[in-house]
Amino acid sequence: MTTKHGLITDSFKVVRKARRGGKREKRPSPPPPQREAETETVREKELQKLRQFDLDWRFGPCTGISRLQRWERAKLHGLNPPEEIRWLLSQTHTDSEYNLSLWSEYPL
């Protein structure tokens with residue numbers, strides 16, 4: 001018969017380390033993260049709508065022209081672009097972030 005051998009850890013003494021400094025004080029929990037929807041500004045919401053307009057291919061390609069030109073072209077061809085986009089573009093006609101499409105920085 002074979003004899004049962006013990007584990008290698010059986011030959012070492014178990015040593016427990018003492019805790020340093022006694023009990024630790026609990027740190028206050030960090031504040032809960034705010035929802036993105038709560039922190040979104042009106043400008044960010046408007047720009048998001050314009051980006052969605054850029055990504056919607058129902059109104060034709062958007063490279064090489066401004067958002068307003070694209071909206072007018074879509075209206076001319078009877079594609080029914082959202083009036084809200086036209087209103088946003090007419091209110092902010094001097095801001096290039098509103099006027100230029102999402103793809104304006106890419107070369108043709």
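The values are calculated or read from the model by the stated rules, or taken from the named source; none is laboratory data. Predicted model, so just to flag it, every value in this text is computed and none were measured. We place every Cβ from the backbone using ideal geometry, glycine too, and count neighbours over all the protein chains shown. Heads up: the accessible areas ignore ligands, DNA and RNA and are worked out on the full protein's heavy atoms, side chains in. Shrake-Rupley method; radii C 1.70, N 1.55, O 1.52, S 1.80 Å.
Tabulated values for the structure
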quantity: MRE, 222 nm, helices only [DSSP H, n ≥ 4, -39500 (n - 2.57), over the chain, to nearest 500]; calculated: -10500 deg cm²/dmol
quantity: By average C-beta atoms within 10 angstrom, highest first, the peptides 61-67, 9-15; calculated: 61-67, 9-15
quantity: Positive dipole terminus of the chain, leading residue within ASN99, SER66, THR41 (C-beta point charges); calculated: THR41
quantity: Global form of the range 67-108, assessed from the alpha-carbon gyration tensor, a/c cut-off 1.5; calculated: oblate
quantity: The chain, accessible area per residue, ligands and nucleic acids excluded (1.4 Å, Å²); calculated: 94 Å²
quantity: Exposure ranking of GLU72, GLU46 by accessible area [1.4 Å probe, largest first]; calculated: GLU72, GLU46
quantity: In order through the range 58-71: 3J(HN,Hα) via Karplus (6.51 cos²θ - 1.76 cosθ + 1.60), integer Hz, x for Gly, Pro; calculated: 5, 9, x, x, 10, 7, x, 9, 7, 5, 5, 4, 5, 4
quantity: Apportionment of accessible area to carbon and sulfur, the chain, percent (1.4 Å); calculated: 55 percent
quantity: Cubic angstrom per residue, convex hull over Cα atoms of the chain; calculated: 374 Å³
